[in-house]
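Novice: Have a look at this one.
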Amino acid sequence: MTQDPILITYKLKFEGGDADQHKLEAYPAAQSLEGIIWALSITLNYGVTGKIRQRGDLSRACKVYISPPKRGSVLYELNILVQANPFISILLGGWAVNTATPYVNALIGYVFNSALGVTSAVPVRAKKYFRKLSEEDLQKVVHRIEPPLTRGHAAIGKTATTISLRAKSTDLVIMDGGTKSYLEARLKDEFYLLDANVTSFNILTGNGRLYHPDEDSTVAFSLSPDPFAGTKNILIESMQQYSAGRCGIVRLRTH
């Protein structure tokens, strides 16, 4: 017997700046929406399937839909459709809206706030579910959503001052100038390992592009001023392998 999917609704609200005049500057607002929704997708993919997102394998067991704001409003509606599958059904001990909703709410609040440097306690109703999750995997998800959440702050300071994600009457996440500065400092100071394909590289300038698995697209990169010996040759080899349709994946230390 097929179990019906569960629909969970959230409100994404922009406030301050242009938002108080019931409008937003299009480009930074679009960047914020893309970043926040992508961070949600990565988080939900783990919470629903137990798998940490790699490349293009987001599960169809969870989908995020967006409803545009009504005229005179800067309040977006996000609808998350969660399908039953073995991981989340076993985790919750069944499949019902009164167990799935508090779990998903708690997961989003915990992962997002951890990435934003905001102290956030797991609600009592969800603690029994979190005990079954891997703390190491949770931290991997926190780390993975830092880049999209940085993009999610694009509107702050340009066309709005705060962005909040609300479940009914509870704000799960509040993004502002403080969380924006926190994320930017972390991404600047912390290095991480990235497995990627180099799609283009200029040996003279040290600039190029690579396929970023978290973005599912190509992004620009610049080689450090003092790379290890042989680094340029490895990048060129990756580019040539990629162009020939072979794997060509290299491990990069980046930030």
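None of the figures in this text is laboratory data; all of them are computed from the coordinates on show. As the structure is a prediction and not an experimental result, all values here were calculated from the model. With ideal geometry, Cβ positions are generated from the backbone for all residues, glycine too; neighbour counts draw on all protein chains shown.
Novice: Let me have the relative contact order for the chain, percent, based on Cα pairs under 8 Å that are six or more residues apart.
Specialist: Across the chain, relative contact order equals 22 percent.
Novice: Apply the Karplus curve 6.51 cos²θ - 1.76 cosθ + 1.60, θ = phi - 60°, to the phi angles in region 149-160 and return the couplings in whole Hz, x for Gly and Pro.
Specialist: Values, residue by residue: 5, 5, 5, x, 8, 4, 6, 6, x, 10, 9, 7 Hz.
Novice: Let me ask you something else. Going by how many other Cβ atoms sit within 10 Å of their own, how do 75, 204 line up, fewest first? Kindly include the intermediate steps, with their values, before the conclusion.
Specialist: Numbers: 75 16, 204 5.
Starting with the residue having the fewest Cβ neighbours, the order is 204, 75.
Novice: If you plug each phi of region 96-106 into the Karplus form 6.51 cos²θ - 1.76 cosθ + 1.60 with θ = phi - 60°, what whole-Hz ³J(HN,Hα) values come out, in order, with x for Gly and Pro?
Specialist: Listing the rounded values in order: 8, 5, 6, 10, 5, 5, x, 5, 5, 4, 5 Hz.
Novice: Of all beta bridges DSSP finds with both residues in region 6-188, what is the antiparallel percent, to the nearest 5?
Specialist: DSSP beta bridges in region 6-188 are roughly 95 percent antiparallel.
Novice: A further question follows. How big is D, in µm² s⁻¹, for the chain by Stokes-Einstein at 37 °C and 0.692 mPa s if Rh is the Kirkwood radius over C-alpha pairs?
Specialist: Details: Rh = 19.8 Å.
Roughly 166 µm²/s, to the nearest whole number.
Novice: Counting only DSSP beta bridges with both residues in region 111-226, what percent are antiparallel, rounded to the nearest 5?
Specialist: 95
Novice: Where in region 1-107 are there trypsin sites (Lys or Arg not before Pro) that are in a DSSP coil and have at most 12 other Cβ atoms within 10 angstrom of their Cβ?
Specialist: Passing sites in region 1-107 are 55, 60, 70, 71.
Novice: For the chain, which longest stretch is free of loop sites, where a loop site is one of the chymotrypsin sites (Phe, Trp or Tyr not before Pro) that DSSP puts outside H, G, I, E and B and that has at most 15 other Cβ atoms within 10 Å? Before the final figure, lay out each step's value.
Specialist: Numbers: sites that count: 191, 228.
After excluding every exposed loop site, the longest remaining stretch is 1-190.
Novice: Distance between Cα centroids, region 1-37 to region 77-151: provide it in whole Å.
Specialist: Answer, in whole Å: 19.
Novice: Cut-off under 26 Å on the C-alpha distance; same-chain residues fewer than 8 positions from residue 232 excluded. Which lysines are left, in chain and number order?
Specialist: Cα-Cα hits under 26 Å: 188.
Novice: Kindly write out, for region 38-49 in residue order, the coupling ³J(HN,Hα) from the Karplus curve 6.51 cos²θ - 1.76 cosθ + 1.60 (θ = phi - 60°), rounded to whole Hz, with x marking Gly and Pro.
Specialist: 5, 4, 4, 5, 5, 4, 5, 4, 6, x, 8, 10
Novice: Considering amide H positions built from the backbone, and no H for Pro or chain starts, which residues 5 or more places from residue 75, or on another chain, come under 5 Å of its amide H?
Specialist: Under 5 Å from the amide H of residue 75 lie the amide H atoms of 70, each far enough along the sequence or on another chain.
Novice: Return the subset of 51/128; 63/180; 70/128; 70/140; 128/158 for which the Cα-Cα distance in this structure is over 29 Å, preserving the input order. All intermediate terms of the calculation are to be shown ahead of the outcome.
Specialist: Values: 51/128 20 Å; 63/180 26 Å; 70/128 38 Å; 70/140 36 Å; 128/158 41 Å.
Violating the 29 Å Cα-Cα cut-off are 70/128; 70/140; 128/158.
Novice: Trypsin sites (Lys or Arg not before Pro) within region 115-153: which are DSSP loop residues with at most 10 other Cβ atoms inside 10 Å? The partial results should precede the final answer.
Specialist: Working: sites: 125, 127, 128, 131, 132, 140, 144, 151; in loops: 131, 132.
Here the trypsin sites (Lys or Arg not before Pro) that fit, given the DSSP loop and packing criteria, are 131.
Novice: Bins of 5 Å, beginning at zero and ending with the bin holding the largest distance: percent of Cα pairs per bin for region 6-94, please.
Specialist: With 5 Å bins starting at 0, P(r) equals 3, 13, 21, 20, 14, 12, 8, 6, 3, 0.
Novice: Any idea what diffusion coefficient region 191-254 gets from Stokes-Einstein, in µm²/s, Kirkwood Rh on alpha carbon pairs, 10 °C, 1.306 mPa s?
Specialist: In µm²/s, the coefficient is 135.
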